[in-house]
Structure formats: structure tokens, C-alpha cells
Amino acid sequence: MTLDLAGALWDVLPSARADLERLVRIRSVSADPDAAPQLWASASEVAGLLRGVGLPEVDVVTAGDSRPAVIGSRPGPPGAPHVLLYAHHDVQPPGDPAGWDSDPFEPVERDGRLYGRGTADDKAGVAVHLAALRALLGAHVDGGLPVGVTVLVEGEEEIGSPALHDFLAAYAERLRADVVVFADAGNWSTDVPALTTTLRGGTNLVVEVRTLDHGLHSGMFGGPVPDALTALCRLLATLHDENGDVAVPGLVRGTTTSPDLDEEQLRAEAGLLDGVRLTGTGRLADRLSAAPALAVIGIDAPPVAGAANTLIPVARAKVSLRVAPGDDADAARDALAAHLLAHAPWGAQVRAEAGGAAAPFTARTGGQAYRCARSALETAWGTPAVLAGAGGSIPFVTAYAGRFPDAEILITGVEDPDTRAHGANESLHLATFERACLAEALLLGKLGQRLESAP
């Protein structure tokens, strides 16, 4: 088998970018019930693209109440390994339009980066798979693939994959594979690739604080009568100690083998304002990927504009918890709820409503697929890949590993420290995208060559 993958990939990159831009223009926000037609339109577009690259069996599917996903497949040569390529076509809400320098759903290139919601997370993952398959089909002497391939493009990853277990149960046989490539993570930098070896888990809950059965005049009753919003603020302040470390007892805190980070680089990448200190103790790499993290991501309270001088009777907050590798996400969520209930200030009534949970993940890194992936990344980037922990969560990863424990799982991606996934001005570094496409094509080729070279 002779493969000129670099040349073949160069030929297909313009079409892969055009595919990506079409997908970005579809407002497939899974958290927005009103966006259901756009989610179906996005799934339909993905299905058409997979058929266009030569996958003969492509379906838009659901399981129970799930958002639409796409499954496409193509067999490989007899005895070849079968590879599952994962991405997701749903995206985060754009947030306040004022935070964007351009329309979040109209891709725009500036200074070598493509801006728009989903340009990186994770419609770029779809485009990487498309580019790799086109390049392989174009370079292969008989127009086939060196391995069997199934592509799964999920439609609800950004809301925690709530129908995940029903989905895996319904389509287990179609998703069975020897190797899985989850193209939904990041790289060490725009110049250094990474293979993600651990993921933190994720969970959340909504805490509600009540102190009154109705609002009160703040002058007539303020002082001895506590208001719910002040009580909520005091309660949330107990989640961290004076150093900024998570103060909830019972959570696992570990270490990572990732190289440590430079504080000044992290401050610049995060956009931390002058004078604002980093929180927590220990190595930065450990804090970012091997320790729990808590953030208050939303509060229900009267807005400043139009606020009355009233003691607030009830206030709510949504708390996001990232769970360290080696911990149990459900147990960690229960520990968070117990902490909040135990620290109710001034006898306030506190209720915690549990959200979904995604388990943390630790990959096995000694198999053939990992060796092939490291070789492919080094060839594509011209420098060895870093084996790194990631602070985010991908619910499908751990669920898939639990159902198919013998599959080798690789976590790759196109993001870099300046991608700003989930935030305003999300962007894709286009040179990184090109290298990621080449690396995946090389990986699939190498996995096929293992068969040819076997005794």
C-alpha cells in the first residue's frame, strides 16, 4: 500500500474547511429547546457530508429523548482493525453578543484563526474526520480504506449527554470498535501536539436558599432579618479556603504526569487581569487537571438594573464541580450537596438539586494504537506529542470504555490554549487544524499497516 497522504491531504483541506464553515453557520445549540430544528439541520448536514466522503451506511439516529446523532460506517479489508471516530455537532450557547468581535455563527478568519461558535469545539472534529477520510480514499491505490471506520457525531455533548446510556445500549453493535479516536480535546500549544491521557469528571447542582416567605422593605426589616441572596453569597464562600483550594471534604485530589506550566504563560492565556492572583496550591498542572475545581456558573437574583430596596426571600445558584481522575462523580456531587446543607448560614433553608454527572477517565497508554498515534502526531507536527491531563469532561469517553473495555481509546483534538471554547470569540488555529487532519490520516494508515506487517 503506497500512501502519499500529505499530498492527498493538501488537496482536500479546502473542502474540509468549507464543510466546517457550513456547519458553523447552523445554530445547533443543544441547551436551547427552541434550537431543535437547527440541531436536526446540523445532523442532516453531517450525514450528507459523511455520505459524500464515501461512507455507504449513514443514518441520523436518536435514542429515547436524545438529540439527533449521526452514525456512518464503511468496512475495511478482511482482518483489519475497526476504528470509531467521534465528534459532536452541538455547540454551547453564544452568550452575550457584545463579547464577540463578529457574528458567532458566521465564520470569519483573522490572523490565521477561524472565529465562530463550534469552529473548534467540536465541529472542527467533524471536519478533521472528513479530511482524513477524503485523504485516505484519495491516496489509497484501490480507492478503499486501510481500516474499517465508523463515524459517530453526537448531538448533545454540550449538555452532558443525558441520553448517553440509552444511546449506547441501542447502538452498541454499530459502535463496537478496536480503537476509538475522540477528536474533542486540545494540544499543548499551537506548536506542540498532545494526547490527552486523563479527563476530569464533571457534575453540577443547583442550590436554593430561602429565608423569607415574601420580600421585605430593606429599611424596615434590614439588620436582624437575613435575606436569601446575602445568605447564598455567604454559603458559596464556604466552598473554597483562604488559598482558593476546594474546601469540600471527601473529594479526591491527585497528581498528573503532564509537564508543569509557566505561571506567566497561564495568566496570559487565561486573560487574567493585573493584580488578580491564581487560586489554590500545588503544581499548576495538577490544579488544572488532577484536582477538583468548583465554579459558580449562574445565579438567579434580581438584576442590578431596576433592583428595589427589598430583602430577597429566595435565591438560587448553579455550581459546577470538576472531579479529579480516580474520584467517583456521583459521590463527589453528594459530598458537595452535603457540604452546602451543613453550612447553611443563620438557619436558612437550603435545598440542593442534583444535576447530571460524567465520570473521570484515565487512559491505557501502552497499546499499539497509542504508539501509532504518537508516531502520527510527531510526523504531522514535527515534534513529539505531550501526554497530558485535561481539566474538561467528555461523558461519552468513560461510558464507552465501560461498555467496551478492550477498545483502545485515543483523545485528540484541534484546540490550543487560545481557542476560548465555550467563551466569546471561540476560534480555530488553522495551522493546527491542518496538522490535526494529517495526523489522523497518518494514524488510520499506520493502524492499517500494522495488519500488513503482521507475521
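What follows is calculated from the coordinates using simple rules that are stated; it is not laboratory data. The model shown is predicted, which means the values in this text are computed figures rather than measured ones. Please note: Cβ atoms are built from the backbone with ideal geometry, for glycine as well, and neighbour counts cover all protein chains shown.
Quick notes
- With contributions of -39500 (n - 2.57) from each DSSP H run of at least four residues, the per-residue ellipticity at 222 nm computed over the chain stands at -10500 deg cm²/dmol.
- Across q = 0.11 Å⁻¹, the chain modelled as identical point scatterers on its alpha-carbon atoms has Debye log10 I(q)/I(0) values of -0.89, in the order of the q list.
- Neighbour net charge for residue 134 - beta-carbon separation under 14 angstrom, K R +1, D E -1: -2
- Working note: Cα atoms of segment 187-314, range along each principal axis, descending, whole Å: 61, 34, 23.
- Building the convex hull from the alpha-carbon atoms of segment 298-380 and averaging its projection over directions returns 10.2 nm².
- Using C-alpha pairs under 8 Å with a sequence gap of at least 6, the mean separation divided by the residue count of segment 1-153 gives a relative contact order of 35 percent.
- Peptide packing: for 83-90, 215-222, the average count of neighbouring Cβ atoms within 10 Å per residue gives the ranking 83-90, 215-222, highest mean first.
- Of the peptides 364-376, 390-402, the order by per-residue mean of other Cβ atoms within 10 Å, starting with the highest, comes out as 390-402, 364-376.
- Centroid-to-centroid separation of segment 31-55 and segment 73-96 [C-alpha atoms, Å]: 13
- Local electrostatic count at residue 104 - Lys and Arg +1, Asp and Glu -1, tallied over other residues with Cβ under 12 Å: -1
- Shape analysis of segment 284-435 yields a ratio of the Cα radius of gyration to the Kirkwood radius, Rg/Rh, of 1.08.
- Annotation: the residues 411, 159, 297, sorted from fewest to most other C-beta atoms within 10 Å of their own C-beta, follow the order 297, 159, 411.
- Rh by Kirkwood over Cα pairs, then Stokes-Einstein D for segment 25-73 at 0.890 mPa s and 25 °C, µm²/s: 219
- Computed from the Cα positions only, the extents of segment 1-157 along the three principal axes stand at 52, 43, 19 Å, in decreasing order.
- Highest average first, the peptides 47-53, 196-202, 62-68 ordered by how many other beta carbon atoms sit within 10 Å of their residues are 196-202, 47-53, 62-68.
- Value of relative contact order over the chain, rounded to a whole percent, pairs C-alpha under 8 Å and six or more apart: 24
- Residues whose amide H lies under 5 Å from that of residue 184, counting only those 5 or more places away or on a different chain, are 412; hydrogens are built 1.01 Å from N in the peptide plane.
- Alpha-carbon centroids, segment 304-324 and segment 237-251: separation in whole Å: 19
- Spatial offset of segment 368-387 relative to segment 339-361 amounts to 42 Å, using the alpha carbon center of each.
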